[in-house]
């Protein structure tokens with residue numbers, strides 16, 4: 001074994017603390033409580049809220065497969081962005097961490113919208129909010145996100161992000177035009193390709209920063225100048241003149 005190989009302490013991981021366990025289990029318990037409240041208040045059959053949709057509707061399990069895969073991609077992007085935000089904040093890269101935080105929160109909103117058909121059904125039917133107004137609000141929020149982080153975005157390759165924006169725009173235009181037939185394939189195809197591009201871009205940026213970010217627990221600073229992360233290069237302290 002190399003003398004420079006890092007030592008892994010397998011005993012370092014234990015049961016999460018009370019706060020972490022609360023964050024882990026409280027949302028799930030709250031969901032179950034809401035399900036029971038809905039059953040008693042609105043007399044909804046319990047199985048309707050707990051079983052798979054295909055089983056309830058008695059349809060083929062591949063019904064909506066493209067939409068389901070899109071939700072999985074949204075979920076992956078959300079997890080990567082928020083997990084990367086947590087690690088980068090610990091390592092002192094606050095600008096990059098903030099970028100991933102906002103990306104993760106935006107992705108979470110789009111995930112919920114896709115999963116529960118917010119702009120297609122919930123908003124117009126239950127809240128009397130026009131579907132197009134919801135889509136425009138998402139577009140405005142995305143524009144604010146891009147403009148407020150434009151320097152960070154332009155500092156590296158942003159082709160995947162540009163592709164995601166172009167594909168989302170195309171999908172939204174077809175949705176607003178209420179296209180039928182094969183236009184549905186164009187709408188949903190552009191959408192899932194856009195989600196994949198969004199995931200690829202943010203996963204790549206998160207990995208790039210995490211690989212090059214100094215770990216404060218193992219970093220040894222020599223001299224008076226700390227290691228700095230600038231763009232894609234790690235600038236180390238200059239060696240003292242001999």
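Only the coordinates and a few stated rules stand behind these numbers; no lab work does. All values reported here derive from a predicted model rather than from experimental measurement. Every residue, glycine among them, receives a Cβ derived from its backbone with ideal geometry; neighbour counts consider all protein chains shown.
Things worth noting here:
- Cβ-derived FRET efficiency at R0 22 Å, residue 72 paired with residue 156, nearest 0.05: 0.25
- Translational D in µm²/s for segment 62-214 (Stokes-Einstein at 4 °C, 1.567 mPa s, Kirkwood Rh from C-alpha pairs): 80
- Counted residue by residue at 0.36 nm each, then reduced by the alpha carbon distance between them, the extension gain from residue 127 to residue 79 reaches 14.4 nm.
- Spacing of the modelled spin labels on residue 39 and residue 89, each 7 Å from Cα toward Cβ, amounts to 3.6 nm.
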